[in-house]
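Trainee: The structure that follows is given in the form of structure tokens.
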Amino acid sequence: MIEGVKLIPISTHSDDRGHLSEIYRTDTEYHHIFGGQINQVYIVEDPVRGTIRAFHRHQKLWDFFYVMHGSAKFGLHDGREGSPTYKENNTLVAGDKQRKMLVVPPGVYHGWMSLEDDTQLLSIASHTYNPDNPDEERVPYDSFGYDWAIKFK
């Protein structure tokens, strides 16, 4: 696994009313990243399976991703020179049937592909997006030799 990337199981509480999933808590080891506050939360919706949104990285921002509906394949590439996992690629899958929070530190290129129609992703960001000075570096989805194809097993 790329150093600093985490896939955290999400606690779900179920009873006769339905389900409640705890997405973010201040008593986790990651709360310090936000400096005591959450700076931006947004939802991304992909109506069609196979939609790819990749790749980009940030210099300061930490990304936390949670798939609320559907499922997604996340592609990651460590672009941090000096990291023990520099240039390593990882693939992680998360979805509403396997609830997990993906934590992506600064410097790690990341993107995702929806595996189901109507996939919806919740993102919590450590910094507010500034369109006049975005903290992002974008590269094409097929960078790093990453293979987005579904692997049949």
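Trainee: State the number of residues belonging to the range 7-24 that are exposed (fewer than 10 other Cβ atoms within 10 Å of the Cβ) and within 18 Å of the chain's Cα centre (by Cα).
Mentor: Residues that pass the stated criteria total 1.
Trainee: Of the numbered conditions (1) closer than 17 Å to GLU136 by Cα; (2) surrounded by 12 or more Cβ atoms within 10 Å (Cβ to Cβ), LYS60 fails exactly one; give the number of that condition.
Mentor: Of (1) closer than 17 Å to GLU136 by Cα; (2) surrounded by 12 or more Cβ atoms within 10 Å (Cβ to Cβ), only one is false for LYS60: (2).
Trainee: Here are ASP96, ASP78: which of them is among the charged types (D, E, K, R) and either buried (at least 18 other Cβ atoms within 10 Å of the Cβ) or in contact (Cβ under 8 Å) with a residue 60 or more places away in the chain (or both)?
Mentor: On the way: ASP96 fails: either buried (at least 18 other Cβ atoms within 10 Å of the Cβ) or in contact (Cβ under 8 Å) with a residue 60 or more places away in the chain (or both).
Testing whether each residue is among the charged types (D, E, K, R) and either buried (at least 18 other Cβ atoms within 10 Å of the Cβ) or in contact (Cβ under 8 Å) with a residue 60 or more places away in the chain (or both) leaves just ASP78.
Trainee: Moving on to the next point. How many of the residues making up the range 40-57 are over 30 Å from GLY145 (Cβ atoms) and either modelled with pLDDT of 90 or more or surrounded by 15 or more Cβ atoms within 10 Å (Cβ to Cβ) (or both)?
Mentor: The total comes to 0.
Trainee: With respect to the numbered conditions (1) within 16 Å of the chain's Cα centre (by Cα); (2) within 28 Å of GLU22 (Cβ to Cβ); (3) touching a residue at least 40 places away in the same chain (Cβ under 8 Å); (4) surrounded by fewer than 17 Cβ atoms within 10 Å (Cβ to Cβ), which one is the sole condition not fulfilled by LYS73?
Mentor: Checking LYS73 against (1) within 16 Å of the chain's Cα centre (by Cα); (2) within 28 Å of GLU22 (Cβ to Cβ); (3) touching a residue at least 40 places away in the same chain (Cβ under 8 Å); (4) surrounded by fewer than 17 Cβ atoms within 10 Å (Cβ to Cβ), the one that fails is (4).
The values are calculated or read from the model by the stated rules, or taken from the named source; none is laboratory data. Quick caveat: nothing in here was measured; it's all calculated off a predicted structure. When we count neighbours, we look across all protein chains shown, and the Cβ atoms used for this are built from the backbone with ideal geometry, even at glycine.
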